[in-house]
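For reference, the structure discussed in these notes is given below.
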Amino acid sequence: MKLWSAAIGETTPLNMQARYRQLSNVPNTLSIDREFAKLNRLRFLPEIEARFDAEGVDHRKRVGRISLMAGIFIFNMFLFADLQIMPDISSR
């Protein structure tokens, strides 16, 4: 019955006390930040990171250029389609 009354939003003093107890068990944000800082340990050695960056930079540049050109082409095709479909609105 407590769960149902809490779910429908009744605010009896008993429900408010139970809700306060639930919220007081939640850790503060500083302890959460400390836990996330521990996850930062999942890294490679700096030498391996540098080698990965050096070996993959040419491929990333090539893919970036191709993606950029494809995006510009698709964007311009939509502009051309707008001019063809609604010439009176686009000429203003």
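Computed from the coordinates by the stated procedures, all read-outs in this text should not be read as laboratory data. Predicted model only: the values in this text are computed from it and were never measured. Please note: Cβ atoms are built from the backbone with ideal geometry, for glycine as well, and neighbour counts cover all protein chains shown.
Using the Cβ-Cβ distance between residue 72 and residue 51 with R0 set to 22 Å, the FRET efficiency works out to roughly 0.10. Modelled spin labels at residue 79 and residue 34, positioned 7 Å past Cα toward Cβ, are 5.5 nm from each other.
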